[in-house]
Amino acid sequence: MKHILHLKSSIQGKESYSIKLGNAIVEKVQDKYPGSTLEELNLVDMDIPHLNPTVLRTFFIPGDQLTEEEKESIRLSDEMVKQLLAADIVVIGAPLINFTIPTVLKAWIDHITRAGITFGYGENGPVGKVTGKKVYVAMSSGGVYSQGPGKANDFVAPYLKAFLGFLGMTDLTVFRAEGLKVPEVKEHAMEKAIHSIKVD
């Protein structure tokens, strides 16, 4: 039995392809691991604030030295870190917007990037502390970015692989629903994406 954390970052709601693809991934995981628990976070609905100077400074204060006001300022960050660390499998909905990830997903990443908690520093440099997890990315895009001329403008998959890997999540697989606005491709794009899903 696994604990699945499903992050949704699309502003398209029920029409979102990344959410549909993410749901399909979750279903495949649940089929493979019956009885698994699921926690869903709609990052858009959560209205996660971008980091500000006060919160960033508080990240570096030892827990036993925090004032009640400082504890409250990082309460959401602490909760999101707790949710991430409790998960065995993380499914991340990541629609490509202007060549990169949605700002709400970047805000989540900023809040779960905590020195001494989700990463640290060793003799040879940074060490990720969020280990032992499987990550699936449900990526959607109007164009084709896995190959051809669009590949150079894909700052979703490479970024997530690099940064989540920095935090220790190196076992990451990207499934793509792409060409969703391309004639002669869009008609079968979602079907092709769902058919591509294989879970470990």
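The values are calculated or read from the model by the stated rules, or taken from the named source; none is laboratory data. None of the values given here were measured: they were computed from a predicted structure. FYI the Cβ positions are ideal-geometry reconstructions off the backbone, even for glycines, and counts take in every protein chain you see. Just so you know, the surface numbers come from the protein's heavy atoms only, side chains and all, with ligands and any DNA or RNA stripped out. Shrake-Rupley method; radii C 1.70, N 1.55, O 1.52, S 1.80 Å.
If you count the DSSP beta bridges with both ends in the chain, what percent of them are antiparallel, to the nearest 5? Could the numbers behind the result be given before it?
Values: 5 of 30 bridges.
Looking only at bridges with both residues in the chain, the antiparallel portion is about 15 percent.
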For the chain, take the longest principal axis of its alpha carbons; what is the angle in degrees between that and the long axis of helix 103-112, to the nearest 10 within 0 to 90? 40 degrees
Of the listed links LYS106/LYS129; LYS106/LYS186; LYS20/LYS129; LYS28/LYS82; LYS20/LYS181; LYS14/LYS198, those spanning more than 22 angstrom between alpha carbons are LYS106/LYS186; LYS20/LYS129; LYS28/LYS82; LYS14/LYS198
Can you run phi through the Karplus equation (6.51, -1.76, 1.60; θ = phi - 60°) for region 55-70 and list ³J(HN,Hα) in whole Hz, with x for Gly and Pro? 5, 4, 4, 5, 3, 9, 9, x, x, 6, 10, 6, 7, 4, 5, 5
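With +1 on each Lys and Arg Cβ and -1 on each Asp and Glu Cβ, how big is the dipole of the chain about its Cα centre, in debye rounded to the nearest 20?
My answer is approximately 580 debye.
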Kindly report the accessible area of region 1-100 per residue (heavy atoms of protein chains, probe 1.4 Å, no ligands, DNA or RNA), in Å². 57 Å²
When only C-alpha pairs under 8 Å and at least 6 residues apart count, what is the relative contact order of the chain, in percent? 24 percent
Once the in-chain neighbours fewer than 8 apart are removed, the aspartates and glutamates whose Cα is under 15 Å from LYS2 read GLU27, ASP31, GLU39, GLU40, ASP88, ASP200
May I ask you to derive the relative contact order of region 89-200, considering only C-alpha pairs under 8 Å and at least 6 residues apart, and to give it as an integer percent? 28 percent
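Looking at the P(r) of region 2-120, how many percent of alpha-carbon pairs lie beyond 24 Å?
On the way: 2393 of 7021 pairs.
The share of Cα pairs beyond 24 Å in region 2-120 comes to 34 percent.
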I need the Debye-formula profile for the chain: one equal scatterer per C-alpha, no solvent, reported as log10 I(q)/I(0) at q = 0.10, 0.16 1/Å, two decimals. -0.44, -1.06
What distance in nm separates the two pseudo spin-label positions at LYS82 and GLU191, each 7 Å out from Cα along the beta-carbon direction? 4.6 nm
